[in-house]
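Asker: Input: one structure, supplied below.
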Amino acid sequence: MSEQQNGLPEDQIWPEPDLLYSDTVRELHAVIESDWDSLRRSACQTAAGRALWKHVVHDPLAGLLAGETYLKSFYEKIKKDRLNNAREISGVILAVRTLWFDTKLEAAVSSFGGAAQVVLLGAGMDARAYRLCCLKDSDIYEVDFCDVLQMKNSILRAAMESTSERQQLMVTAKSLNTVAADIRDNDWLKKLQRAGFVPEKNTVWILEGILYYLSHSQAMEVLKTIAHSCTLARTVLLADFMNKQSTTLSSSVFHFYSDWPDHLLPSLGFSDVKLSQIGDPDAEYGLLHDPLNLFNKLRSLPRSLQTLPDDGTPCCRLYLVQASGSPNQTIS
């Protein structure tokens, strides 16, 4: 596999992770490793993927928020993939997903005149409020478990005290509001509103890497709540969906799926829905040229197909979906 497929020149080695942490930051990450469950730890794994694909993903805080353990583990997977000439290097799907959300978020905010409310459900270790200049006139709301938000803040504060590179630790958004809430409960929207969220204002909702961790009923309630916002203000939803086969990758962790999210969302009230698969023109970013890449093989097959014809392995798909609506456009 040519290194150019990873977004790297052929003669360039994969950038190694930055492991320059203060003792305080190391101690905080030790708590994560000992006390957090797999759902919470997935936030660090996502950050590690972004940090290790830093040649294409701009996220200066990703390595700090990931921690040494997850960076080293992810890096070893990448080294193994490259040694075996794998067609899909570990983390490529995460890199594409991050770039897709960044691009669509910027376009959505621009369509609102450069200012919006942006709500990140299950925000985890996301650092968009610190790294995206397009959010300079937008109010950001990060919703997650209380201990996740507190740990994230503690890591950033500790880094602020121990580094001269304070500029990258500054919020670039107009405002950053944290909301301690479990979106599996029915009170998360009330907590969001108490934090300053105004339902009647233009809003972009980001559900990245979160829906499939919910039960079917929980995910549907979240989607219905967001769909209802289309009746109050201009609304954009950016989300990724697993198909049924993808949930088999970890049946104890992944639950909610939709084989046809572009049919599901209009039924809930969104008037305009666009679906992309990894490798599509707007979800490729120069990282998936190889026609024999797994994602390109899947794109060439009917979405109704459950297994690959050549070897019978499950067709595990990840859909990137943009949906929108407004009070004068919603479907009754």
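Asker: Could you list, in sequence order, all residues of segment 181-196 that are in contact with a Leu (Cβ under 8 Å, 6 or more places away or on another chain) and closer than 14 Å to Thr235 by Cβ?
Answerer: Selection gives nothing.
Asker: Among the listed residues Ala123, Ala129, Ala180, which satisfies the condition of being open to solvent by 30 Å² or more (accessible area, probe 1.4 Å), among the hydrophobic types (A, V, I, L, M, F, W, C), touching a helix residue (DSSP H, G or I) at 6+ places or on another chain (Cβ under 9 Å) and within 23 Å of Ile32 (Cβ to Cβ)? If you could, list the steps in order and put the result at the bottom.
Answerer: Details: Ala123 fails: open to solvent by 30 Å² or more (accessible area, probe 1.4 Å); Ala129 fails: open to solvent by 30 Å² or more (accessible area, probe 1.4 Å).
Of the residues listed, the single one that is open to solvent by 30 Å² or more (accessible area, probe 1.4 Å), among the hydrophobic types (A, V, I, L, M, F, W, C), touching a helix residue (DSSP H, G or I) at 6+ places or on another chain (Cβ under 9 Å) and within 23 Å of Ile32 (Cβ to Cβ) is Ala180.
Asker: Could I ask something else about it? Assess whether Val171 counts as being touching a Phe, Trp or Tyr at 6+ places or on another chain (Cβ under 9 Å), without any contact (Cβ under 8 Å) to a residue 60 or more places away in the chain, assigned to a loop (DSSP other than H, G, I, E, B) and surrounded by 13 or more Cβ atoms within 10 Å (Cβ to Cβ).
Answerer: Working: touching a Phe, Trp or Tyr at 6+ places or on another chain (Cβ under 9 Å): yes; without any contact (Cβ under 8 Å) to a residue 60 or more places away in the chain: yes; assigned to a loop (DSSP other than H, G, I, E, B): yes; surrounded by 13 or more Cβ atoms within 10 Å (Cβ to Cβ): yes.
Answer is yes for this residue.
Asker: Shifting gears a bit: Of the residues in segment 29-52, how many are open to solvent by less than 20 Å² (accessible area, probe 1.4 Å) and assigned to a loop (DSSP other than H, G, I, E, B)?
Answerer: 1
Asker: Return the total of residues in segment 212-243 being touching a residue at least 60 places away in the same chain (Cβ under 8 Å) and open to solvent by 60 Å² or more (accessible area, probe 1.4 Å).
Answerer: Selection size over segment 212-243: 3.
Asker: Mind listing whichever residues of segment 90-118 are surrounded by 24 or more Cβ atoms within 10 Å (Cβ to Cβ) and of a type in the set (Val, Ile, Thr)?
Answerer: Passing the criteria: Val92, Val96, Thr98, Val118.
Asker: Which one of the conditions (1) assigned to a helix (DSSP H, G or I); (2) within 15 Å of Arg97 (Cβ to Cβ) does Gln322 fail to meet, given that it meets all the rest?
Answerer: Only one criterion in (1) assigned to a helix (DSSP H, G or I); (2) within 15 Å of Arg97 (Cβ to Cβ) is unmet by Gln322, namely (1).
Asker: What number of residues within segment 206-232 satisfy the criterion of being over 24 Å from Gly49 (Cβ atoms) and in contact with a helix residue (DSSP H, G or I) (Cβ under 7 Å, 6 or more places away or on another chain)?
Answerer: The number of residues fulfilling the criteria is 4.
Asker: Write out, first by first residue and then by second, each pair whose Cβ atoms fall under 7 Å of each other, whose residues are 6+ apart or on separate chains, and whose first residue, in segment 19-33, is modelled with pLDDT of 95 or more while the second is aliphatic (A, V, I, L, M).
Answerer: Within 7 Å, the pairs are Leu28/Met151; Leu28/Ile155; Leu28/Ala158; Ile32/Met151.
Asker: Return only the number of the condition from (1) under 29 Å from Leu275 (Cα atoms); (2) buried (at least 19 other Cβ atoms within 10 Å of the Cβ); (3) not acidic (Asp, Glu) that Ala86 does not satisfy.
Answerer: That leaves (2) as the condition not met.
Asker: Of all residues in segment 294-319, count the ones that are in contact with a strand residue (DSSP E or B) (Cβ under 8 Å, 6 or more places away or on another chain) and outside any loop (DSSP other than H, G, I, E, B).
Answerer: Residues flagged as in contact with a strand residue (DSSP E or B) (Cβ under 8 Å, 6 or more places away or on another chain) and outside any loop (DSSP other than H, G, I, E, B) within segment 294-319 amount to 7.
Asker: Only residues that are in a loop (DSSP other than H, G, I, E, B), open to solvent by 20 Å² or more (accessible area, probe 1.4 Å) and either of a type in the set (Val, Ile, Thr) or at pLDDT 90 or above (or both): list them for segment 267-293, please.
Answerer: Ser271, Asp280, Pro281, Asp282, Glu284, Tyr285, Gly286
Asker: Identify, please: which residue in segment 249-263 is open to solvent by less than 80 Å² (accessible area, probe 1.4 Å) and not small (Gly, Ala, Ser) and is, among those, nearest to Leu275 (Cα to Cα)? Break it down stepwise before answering.
Answerer: Filtering segment 249-263 for residues open to solvent by less than 80 Å² (accessible area, probe 1.4 Å) gives 250, 253-254, 256, 258-259, 261-262.
Filter once more, so that each one left must be not small (Gly, Ala, Ser): 253-254, 256, 259, 261-262.
Numbers: Val253: 24, Phe254: 21, Phe256: 18, Asp259: 11, Pro261: 8, Asp262: 6 Å.
Residue satisfying both the conditions and the ranking: Asp262.
Asker: Go through (1) over 24 Å from Ser258 (Cβ atoms); (2) touching a Lys or Arg at 6+ places or on another chain (Cβ under 8 Å) one by one and return the number of the condition Ala181 breaks.
Answerer: Of the numbered conditions (1) over 24 Å from Ser258 (Cβ atoms); (2) touching a Lys or Arg at 6+ places or on another chain (Cβ under 8 Å), the odd one out for Ala181 is (1).
Asker: In segment 117-163, how many are among the hydroxyl-bearing types (Ser, Thr, Tyr) and either at pLDDT 95 or above or assigned to a strand (DSSP E or B) (or both)? First the steps, then the outcome.
Answerer: Restricting attention to segment 117-163, the residues satisfying the condition of being among the hydroxyl-bearing types (Ser, Thr, Tyr) are 130, 138, 141, 154, 162-163.
Next, only the ones that are either at pLDDT 95 or above or assigned to a strand (DSSP E or B) (or both) stay: 130, 138, 141, 154.
Within segment 117-163, residues that are among the hydroxyl-bearing types (Ser, Thr, Tyr) and either at pLDDT 95 or above or assigned to a strand (DSSP E or B) (or both) number 4.
Asker: From the list Lys152, Lys136, which residue is open to solvent by 20 Å² or more (accessible area, probe 1.4 Å) and at negative phi?
Answerer: Details: Lys152 fails: open to solvent by 20 Å² or more (accessible area, probe 1.4 Å).
Only one candidate passes the filter, namely Lys136.
Asker: Now for a separate question. Working only within segment 294-331, note down all residues that are open to solvent by less than 40 Å² (accessible area, probe 1.4 Å), of a type outside the set (Phe, Trp, Tyr), closer than 25 Å to Leu249 by Cα and in contact with a Gly (Cβ under 7 Å, 6 or more places away or on another chain).
Answerer: Selection gives Asn296 alone.
Asker: Tell me yes or no: at least one residue of segment 96-103 is touching a helix residue (DSSP H, G or I) at 6+ places or on another chain (Cβ under 7 Å), in contact (Cβ under 8 Å) with a residue 40 or more places away in the chain and part of a helix (DSSP H, G or I).
Answerer: Taking segment 96-103 first, the residues touching a helix residue (DSSP H, G or I) at 6+ places or on another chain (Cβ under 7 Å) are 98.
Those left that are additionally in contact (Cβ under 8 Å) with a residue 40 or more places away in the chain: 98.
From the residues that got through so far, the ones that are part of a helix (DSSP H, G or I) too are 98.
Scanning segment 96-103 turns up at least one residue that is touching a helix residue (DSSP H, G or I) at 6+ places or on another chain (Cβ under 7 Å), in contact (Cβ under 8 Å) with a residue 40 or more places away in the chain and part of a helix (DSSP H, G or I).
The values are calculated or read from the model by the stated rules, or taken from the named source; none is laboratory data. Just so it is clear, the model here is predicted, and its values are computed rather than measured. Here the Cβ is made from the backbone with ideal geometry for all residues, glycine too, and neighbour counts use every protein chain on show. Please note that ligands, DNA and RNA were not included when accessible areas were found on the heavy atoms of the full protein model with its side chains. Shrake-Rupley method; radii C 1.70, N 1.55, O 1.52, S 1.80 Å.
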